[in-house]
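Working notes for the structure below.
The values are calculated or read from the model by the stated rules, or taken from the named source; none is laboratory data. Predicted model only: the values in this text are computed from it and were never measured. Here the Cβ positions follow ideal geometry from the backbone for every residue, glycine too, while neighbour counts run over all protein chains shown. With ligands, DNA and RNA removed, areas are computed over all heavy atoms of the protein, side chains included. Shrake-Rupley method; radii C 1.70, N 1.55, O 1.52, S 1.80 Å.
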Amino acid sequence: HMLKVDCYVDADFAGLWNSEDDQDPHCVKSRTGYVINVGGSPIIWSSKLQTLIASSTMEAEYIAMSTVCRELIPLRDLIKEVAAALDVSNEDVASMHTTIWEDNVGALTLARMELPRMTPRSKHIAVRYHWFRQYVSADDGKDGGIVVKKIGTKDQLADIFTKGLGPILFEGLRKELCGW
């Protein structure tokens, strides 16, 4: 028996650009959206503007990953504490499998890099956003860490939190996420 924690995270790079006042600095901010499912049920979700102005799609996606880890890592610890308090078998908790689903190849590559490696284009975000990489597992989660995996853009459930979608796409993602 394995407990699955799935995290879908996405960013809309400078999503308000050309749709609102182009002189408003908020219009160039990217939007982070994510949903965390435990055992297939959504328990935490969010949609908000990033505080930093990202200079690329990869950076916006990476900032979104760092942001969701601020919720995901304490949630994993809480699940372990609750399991211990309820006398749930350590084997069930030890086999907890956590996956972050990311659709941006650049952000995915950066998140999987062995610490302390960075790219010339990512070193400026090192201090504020690389902190979560210590929790990312290189061996497919066998050590109980977090695995970051590629997901197709059409299957990214967090899209519902980052941008305005047409009714067909919105309803499809809502059904996948909520069951209705």
Surpassing 19 Å at the alpha-carbon level, of the pairs Lys154/Lys175; Lys48/Lys80; Lys4/Lys149; Lys29/Lys163; Lys48/Lys150, are Lys48/Lys80; Lys48/Lys150
Note, Asn37: beta-carbon cut-off 11 Å, +1 each Lys/Arg, -1 each Asp/Glu, net -1
SASA check, His97, accessible area w/ 1.4 Å probe, all protein chains in place, rounded to nearest 10 Å², comes out at 30
Probe 1.4 Å, all chains present, heavy atoms only: Ser55 accessible area in Å², nearest 10, is 90
A 1.4 Å probe over the protein heavy atoms gives region 30-88 a carbon and sulfur accessible-area percentage of 57
If each K or R counts +1 and each D or E counts -1, the residues other than Lys175 whose Cβ falls under 15 Å of its Cβ total -2
